[in-house]
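Student: Dumping the structure here so I can ask a few things about it.
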Amino acid sequence: MRRRRSLAPPARLGIRAARRGDYGALAKLFRRFYREEGFSRAALARVPRTLAEVLRRRDTAAFLAEAQGRIVGAIALSSAYGLEVGAYAEIEDLYVLPGWRRHGVASALVAAGLDWARRRGCHDVEVVLTPHAQGQRALLQWYRRRGFADTGRRIFERALKR
Ligand SMILES: CC(C)(COP(=O)(O)OP(=O)(O)OC[C@H]1O[C@@H](n2cnc3c(N)ncnc32)[C@H](O)[C@@H]1OP(=O)(O)O)[C@@H](O)C(=O)NCCC(=O)NCCS
């Protein structure tokens, strides 16, 4: 009989809330994520400013995974309040370095994000999948296996001129 692989994160993996001192390493990681996913140049250029805000604000949070003294993955979230559900949270960014995938890193990061949302009194956690991400069936399954359901809603957005 084939032995089932352990799904527990490797012992050498640490998950913790990101601190301001993590700014440089996190900026590098998220910019790599944006480049790989084909995010716009404007979004890429905003990361230095928006990451500083994510680390500073109370309605946002970031958690990171550390292994062998380096950051190997991270998640960023925000929370908001609306008529329909009250308080809710959104997974804004989730990325694991290619060499560290399939070790439970993202699962552990999502668990940390869900805990943060619970502590803030959120009723649900959403994730918006880009068209590129939607094209990856494995990713859709990955979220489904972690309890996320496709609501079928679509996002329309409009930029505001300043
Ligand atoms: C999607 C992504 C975040 C997943 O990260 P990950 O760390 O590989 O995810 P996990 O290791 O938690 O889960 C992957 C699989 O490895 C398996 N796994 C978990 N722990 C394991 C372990 N200790 N040993 C072996 N396999 C393990 C899991 O079973 C899981 O498979 P499953 O979905 O069938 O259960 C990562 O591939 C990534 O960064 N992709 C590019 C960016 C991206 O798409 N981000 C999401 C945008 S919404």
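We did not get these values from a lab; they are worked out from the coordinates using the rules stated. The model shown is predicted, which means the values in this text are computed figures rather than measured ones. So basically every Cβ, Gly included, is an ideal-geometry build from the backbone, and we count neighbours across all protein chains shown.
Student: Roughly speaking, what is the stretch gain from Ala43 to Leu83, that is 0.36 nm per residue apart minus the C-alpha to C-alpha distance, in nm to one decimal?
Tutor: Taking Ala43 through Leu83 to full extension adds about 11.5 nm, to one decimal.
Student: How far apart, in nm, are two points set 7 Å out from the Cα along the Cα-to-Cβ line at Tyr23 and at Glu157?
Tutor: The answer from the label model is 2.4 nm.
Student: Taking amide H positions as placed in the peptide plane 1.01 Å from N, state which residues far from Val125 in sequence (5 or more) or on other chains have amide H under 5 Å from it.
Tutor: Ala89
Student: Go through the stretch 52-59 residue by residue and turn each phi into a ³J(HN,Hα) via Karplus (6.51, -1.76, 1.60, θ = phi - 60°); whole Hz please, and just put x for glycine and proline.
Tutor: 4, 5, 4, 6, 9, 6, 8, 8
Student: Using only alpha carbon pairs under 8 Å that are at least six residues apart, calculate the relative contact order of the chain and give it in whole percent.
Tutor: 20
Student: Same structure again: Per-residue counts of other Cβ atoms within 10 Å, averaged by peptide: what ranking do you get for 153-159, 74-80, highest first?
Tutor: 74-80, 153-159
Student: Sort 12-23, 111-122, 126-137 by the packing proxy (mean of other Cβ within 10 Å over each peptide's residues), most packed first.
Tutor: Highest to lowest by the protection proxy: 111-122, 12-23, 126-137.
Student: Computed over the Cα atoms of the stretch 11-162, what is the convex hull's projected area averaged over all directions, in nm²?
Tutor: Averaged projected area of the stretch 11-162's Cα convex hull equals 9.9 nm².
Student: List, in order, the whole-Hz ³J(HN,Hα) value for each residue of the stretch 69-78 obtained from phi through the Karplus relation with A = 6.51, B = -1.76, C = 1.60 and θ = phi - 60°; use x for Gly and Pro.
Tutor: x, 9, 7, 10, x, 7, 9, 10, 9, 9
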